[in-house]
Amino acid sequence: MKPEKGAVAVVGPGAIGGLLADSLRRAGRRVILVTRDARAAGALRRGGFAITGPSGRTRSFPRWEAAAPRLKKGRPLDCVLLCVKAPALPETLRRLRAAAPKRAPSPGQRRFPPVEETVPAGPPVVCLLNGVGHDRPLRAAFGGRAVLGSCYIASTRTGPRALRHWGGNRILLARTPRNAPAAEAAADILRSAGWDVRLYADEARLLWTKLVYNAAINPLGALLRKTNGEVASHPAMRQLLRAVSREAIAVARAEGHAPAVPGLEGRILRDCLLVPDQRSSMAQDLAAGRPTEADAILKPLILSGRRTGTPTPLLTPLYRMIKKLEEELR
Ligand code: KPL
C-alpha cells in the first residue's frame, strides 16, 4: 500500500514560499503556512492569496491552514520549506527550534540519519535562501536534515495577498554525504509538485553561483528602481550589469567557487530579458521598506575580495548605497 502523503510546512509564505505552497497544495499535499505573526496567519486562513501564473491566469486559494508564530509540537510533517529572507533567519530558527516537529519514520519509509543530540529526528528542512553564511546556523539547528539550495524562480509579491509568477521553475538542492536521504526525500516532494529539481554535490559552489547571480541583478534593480528586463535592455544599465557580473564572478573564482554555470555573465543577461517585468527580491524589499539581503549577498563578496586581493570597485559602492537607503527607509 502506498504511504499517505504527509503535510509540508512552508515557513515564510512570501513570493517564493507562497508559490511553492500553492504548487504542493495543488499536488494534493496538506500545506501548513507558518507566518511571522498571528495577524498574518489569520488573514491567510480567512482570505488566502491569489497567484497569477506565467500565462497570465489567476488562481485563488482561500482557506489556508496557517499556524503562527510556530508549528505545533509533534505535528507530523514530511518536509519543512524555509522560505524566509536572510535577515529573518536567526529569529525563525529560534522559533522552529522551540517547536521542532517530529515525524517517526513508518516501516518501509526512508530513514533520516542520526543528528546531534540536541536536534530531534524529523523531516528534511529545505532552505532556499539567497546569499551565503546560513549553512552553519542551519546545520547547527537541523544537522543532517538541513538541505541547502537555490531557486531560479522569478516571482513577485504584487499585493499583501497576491503573487505573480513570471517564470522559471528550477530548484537546485545540495546533496552531501551527511544529508543525502533528506535531500532526496525533499527533491521527490518538490518534483511531485512540478518543480525541476536537480541535486548537486558541491554545496558551496551551488550557493556561490546564485550569490553571483543575485549580486549582479538585485542591487542594480533596487537602486535604479527598474525591473530586471529594464536593467538588461538599457545600454548603460546593461553595461553595468555585465561589469558587476564579471566582478562577482572574479571574486567567486578567487574564493575557489567558480560558477557552476558556464558563461554566467551572458546567462544573467538572458535570464533578465526572459522575465522582463520581474523586480528582484532586493528591489521589492527596498521598495517596501523591509531590510534587504545585502549583508548576505554583497558583503560576503566584498569580504572575500579583500581576503583574496580581488578588487570590488562596483560591489562595494553598491553595498554602501543599498545600506544607506535601507537606513533612510526604515
Ligand atoms: O533570485 C532572484 C531574486 O530576485 O532574488 C532572481 C532569480 C534574480 C529574480 O529576480
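Worth pointing out:
- Inclusion of L163 among residues that are within 18 Å of S280 (Cα to Cα), away from the ligand (no atom under 12 Å from the Cβ), in contact (Cβ under 8 Å) with a residue 24 or more places away in the chain and in the same structural domain as A294 (by TED's automatic domain parsing) is not warranted.
- Remark: A15 matches the filter, which requires a residue to be buried (at least 16 other Cβ atoms within 10 Å of the Cβ) and within 11 Å of H165 (Cα to Cα).
- Residues that are closer than 20 Å to D78 by Cβ, crowded, with 24+ Cβ neighbours inside 10 Å and in contact with a helix residue (DSSP H, G or I) (Cβ under 6 Å, 6 or more places away or on another chain), drawn from region 181-219: A182
- Cβ pairs under 6 Å, 6+ apart, first in region 170-181 and hydrophobic (A, V, I, L, M, F, W, C), second in a helix (DSSP H, G or I) and modelled with pLDDT of 95 or more: I171/L190; L172/L206; L173/A183; L173/A187; A174/E203; A174/L206
- Of the residues making up region 203-239, those that are of a type in the set (A, V, I, L, M) and free of Cβ contacts under 8 Å to residues at least 24 places away in the same chain are L224, A236, M237.
- Comparison of T227, T209, T158, T176 shows that the only residue that is closer than 14 Å to L128 by Cα and hydroxyl-bearing (S, T, Y) is T209.
- From the list R157, R136, R175, R191, the one residue that fits, being within 16 Å of the ligand (Cβ to nearest atom), among the charged types (D, E, K, R) and either closer than 17 Å to V80 by Cα or assigned by TED's automatic domain parsing to the domain that holds T58 (or both), is R157.
- Helices (runs of 4 or more DSSP H) enclosed by region 240-310 - at least 2 residues per element that are more than 13 Å from the ligand (Cβ to nearest atom) and free of Cβ contacts under 8 Å to residues at least 60 places away in the same chain: 264-274, 294-308
- Leading residue by the ranking (nearest to P54 (Cα to Cα)) among those in region 228-239 that are surrounded by 15 or more Cβ atoms within 10 Å (Cβ to Cβ) and more than 12 Å from the ligand (Cβ to nearest atom): E230
The values are calculated or read from the model by the stated rules, or taken from the named source; none is laboratory data. Because the structure is predicted, anything quoted here is derived from the model rather than measured. Note: ideal-geometry Cβ built from the backbone for every residue, glycine included; neighbour counts use all protein chains shown.
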